[in-house]
Amino acid sequence: MSFFSNAAEAEVERVEKGCVMLAGGILLGPWGVERLDGEGAGGAPRSCGGRVEDALLEYSPVGPSARRKRKKARKLPRSVRLAASCAVSLMRALSPAGAGDPGALRGLEESVGGPVDVVCATVLGIQERVEPFVPGVSAEPEPSSFVFSNHGAAAAFVQMELGLHGGCVQSAGEPDCGAFAFLRALRRLAAGRCRAVLCMGWDSPFREPGGCRADSSSGRELFAAAGEYFGMRGLDPSIASESACCMLLVGAEGVRASSCGFGWRISGWCDHGRMHPFEAGGRAAVGHGERGAPRPPVVHVVPADSLSPEECERWNAGSPLAGFLRVPTMRGLLSVCFFDYLFRALRELRDSAPAWNRAYVHWRACGAASSADAPAEAWGPSFVFER
Amino acid sequence: MNRHRAAHAVVAAYYAVSIAGEGNSALSDALFAGRTLVSSPAEGGPPHGVFPEGVTAARAGMAAERLRDGIAGTDAERLLSASVLCLEGIGFDASRERLLVASSQGLVGAAAGDGRGIRGGAFLLPWMLHEALAEFHGGGRPAESFCNGCVAGASALECAVDMVRAGAVSSVVVLAAEGVSDFYLRGFEGLGALSSTAARPFDRRRDGLNLSEGVYAVRIAAAGSASRGVPRSTPLLSAVRVSCDAFHLSAPARGGAEACRAMVEALESASTKPSEVDAVFVHANGSVYTDLMLAEVLCKVFAGPGGDGPLVTSTAGVLGHPVGAVSVQELVCACIAMEAGAVFPCCGLVEPEVEGLRYVIGEPVERGLERVMVISTGFGGLNGVFLLECGGSGG
């Protein structure tokens, strides 16, 4: 049976107006910082595990009273500093004024001509501030700790720092919340709710030093428990990343932020029903927007841990595909794992040859990636990118 | 700019499991009685509202086996029971419908405070529900979570409307669920946000809010789907707006510029004049600054010559403040008022601090409600606004 037969168009979320993947992207993890529009492969070899260097969490507040806030910034929880540092780095990357003009870093809404929303994903980010509070043992939560225990606090902090007045949608508590968050960003843009969306993932499964009961569950234990519960392969505590953060900027069609060179169109996505990314989901994504046969060359981007080279070859036979691009995943990055995957895929697509017209980027749910005998109908969204 | 007419989504059904008990009737009776349901615990501490025991016991033990050991007897299990009860009440069909779950911090207290360390924790509510539903209803897709503070419900509703309008699904159930835990109580107490009495929304003597529990479900469906069982009288969700003050992590911007923008844009996108709004259900919860900001913004948006603006009320005096479930609580209560043709009183309000608004004080006011606005605000300076219109099924 042809890979493209029975295109399940009904399963595709149709959009009258697509979205634009802007070049703005920052990935910050234990291995360092990478920019989406950077040269070459960029960055040190990645490996899950360890903490983000303290130096990377040092950032200069850019909002009102920045000087006064600089000292306070050092007292913020690590996860919030991580998010803020990443956001400021991204704005610096996008700003034509560069680092020399902090005021310009808050001009994103003016640049894109309207409100900028934030979608944020975290699986465990909240825990670093909750764990120290154990009734009868620890002190009562300090007001700042309590506020930051809120899942949305890091996103709100970023909005405050960068002066973003759009909506904020926080997804939390699911291993695939990064993928959910990205889908929400696309939906919001397609619905005309905003001009651009800052997509953000952050997780910090390790507690901060001090203030914890010696016998309370540590971040690593929590991490392991979560992995066990979700049935996720790759959540071995020994490879847990202390923190990682990724930000991508997606715009409404027609939006071009200064110095952003990507401009790839995202013309459709498919997110519902239980679907194997290479069966129902794949066909649905291929079917979207097509009138007749797909317009080659098309490349399928797949998580390397979800499809073997042999399986790719089998699927590729007799299809008009330009090929499969197997992109490594690091499921241990939790909410960031989807963004990390997308980030890598975008960079590889940018540099790939031969040229492609269309890329179907698939994701396979973390739970489904946990074992070799994962159900074939496991959920996973697909995205259609066009040059 | 940013005009968006969300004119094709309706509130096809709603169901409440509140501190008034299970079901819409219990909630309606409590609202129109106008008496607070929060109380001070016998052992001391700030007054708050909790589910009746029957609600939390009804579906206890529904978690999947591997989770059950971790949550048995905790607040997490209580909230899960109430949530499953609510989904059953609205007739959620896991095999055909999508589920969006809104909760602020939900189960943090239960997880952190049970003496066994964190076993699961706040991040598990959507998955617990999924597992519980899978046990009894045969699966379905995992629920999606919305966790941004007190406007979590607004965000989930906004997403549901967009999904329905995009034609991606024919109906979505939004479940907003929140429990009260020691962590919550002490955290809000640390912020100086809790009242020592029953909350007094908009009142000159207000001194804080009352935390409370609540689980509310609404089914958002495509308009014009009367043939699929949506009654013709169902309210049309004609506009949804969320904005951010970008001002402070917990306090509102005093001028309320972004809240004002959200209200004005909601009106514009639904082609509705302020004078056409019959009532405003605003989650003023008794907070000193938030209530003041909201009242002043309402004056800006709705005050006109003759002082015949919309009726103004809040649910917080009766039901307290169930954090992440607040937006959906207000929406459900607005639907109840539309169905009843009357606006329930703003319990706790005796002497308004800001004059010029038509507060409903003391007794319900009978009035046909063609168009109403629902407003909520939350941590991070987020503002959520909905517009409801009568008779949405005609599409």
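Each residue, B:D207 and B:Y289, gets one label point 7 Å from its Cα in the Cβ direction; the gap between the two is 2.0 nm. With both labels modelled 7 Å from their Cα along Cα-to-Cβ, the A:D54 to A:N357 distance reads 5.5 nm.
Taken over segment B:299-395, the convex hull of the Cα atoms encloses 133 Å³ per residue. Here the alpha carbons of segment B:143-287 define both size measures, Rg and Dmax, at 17.7, 52 Å. Shape of segment B:232-284 from its Cα gyration tensor (a ≥ b ≥ c, root eigenvalues): rounded if a/c is under 1.5, otherwise prolate when a/b > b/c, or oblate? Since a/c reaches 1.5 and a/b is larger than b/c, the shape of segment B:232-284 is classed as prolate. List residues of segment B:163-205, by number, whose backbone nitrogen lies under 17 Å from a label position 7 Å along Cα→C-beta of B:A33. Taking a point 7 Å out along Cα→Cβ of B:A33, the residues of segment B:163-205 whose backbone N falls under 17 Å are B:198-199.
Annotation: amide H-H contacts under 5 Å for B:V312 (H modelled 1.01 Å from N, sequence separation of 5 or more, or interchain): B:V280, B:R358, B:Y359, B:V360. Projected label points at B:E366 and A:E348, each 7 Å from Cα along the beta carbon direction, are separated by 7.0 nanometres. Heavy atoms of chains B and A lose about 5200 Å² of accessible surface on contact, summed over both sides with a 1.4 Å probe.
The values are calculated or read from the model by the stated rules, or taken from the named source; none is laboratory data. Just so it is clear, the structure is predicted and the values come from calculations on it, not from any experiment. All Cβ positions, glycine included, derive from the backbone under ideal geometry; neighbour counts span all protein chains shown. Protein only, heavy atoms only, side chains kept; ligands, DNA and RNA dropped before computing areas. Shrake-Rupley method; radii C 1.70, N 1.55, O 1.52, S 1.80 Å.
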